[in-house]
1. Which residue out of 66, 6 is of a type in the set (Asp, Glu) and either loosely packed, with under 10 Cβ neighbours inside 10 Å or in contact with a Lys or Arg (Cβ under 6 Å, 6 or more places away or on another chain) (or both)?
2. State yes or no: is residue 98 in a helix (DSSP H, G or I), without any contact (Cβ under 8 Å) to a residue 24 or more places away in the chain and touching a His at 6+ places or on another chain (Cβ under 6 Å)?
3. Answer yes or no as to whether residue 81 is loosely packed, with under 15 Cβ neighbours inside 10 Å, touching a Gly at 6+ places or on another chain (Cβ under 7 Å) and closer than 21 Å to residue 48 by Cβ.
4. Of the residues in region 68-85, how many are more than 15 Å from the chain's Cα centre (by Cα) and of a type in the set (A, V, I, L, M, F, W, C)?
Amino acid sequence: AIAGDEVRALMAALGADLLDFTRRGAAALHGGIADSANWSVSETAAAVDTLGHGAMVAAFSGAGPELTLRAQLKLPDLPAADFPLPPAEALSLGLSILKNTDPLWHSSFPAIR
């Protein structure tokens, strides 16, 4: 169970839209990271940017080192971290999230849908 103060802390850290997406739709896209069940609220909030960054790098890495480097130059400067999915699965997850959160922008990627 999660307490009200934990929900408020996550809402402050993630924003209402991301928290709502996480609560209502994210589980259908990916089962989560097993170890995350033991994370505190602050560890969970802190992991979001690192995991998102890792997902983006993993997704682009399937397109080769040149595109990966270009993408990394556009991403925030965060510590490198291993992402728990291979490139094709990271790309699929990213596109699924985009389809659920911003269908109009997702429609801009017809070749990889």
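Readers should treat all values here as calculations from the given coordinates under stated rules, not as data from a laboratory. Here the structure is a predicted model, which is why all the values come from computation and not from measurement. Note: ideal-geometry Cβ built from the backbone for every residue, glycine included; neighbour counts use all protein chains shown.
1. On the way: 6 fails: either loosely packed, with under 10 Cβ neighbours inside 10 Å or in contact with a Lys or Arg (Cβ under 6 Å, 6 or more places away or on another chain) (or both).
66 is the lone residue from the list that is of a type in the set (Asp, Glu) and either loosely packed, with under 10 Cβ neighbours inside 10 Å or in contact with a Lys or Arg (Cβ under 6 Å, 6 or more places away or on another chain) (or both).
2. yes
3. When the stated conditions are applied, residue 81 passes them.
4. Of the residues in region 68-85, 3 are more than 15 Å from the chain's Cα centre (by Cα) and of a type in the set (A, V, I, L, M, F, W, C).
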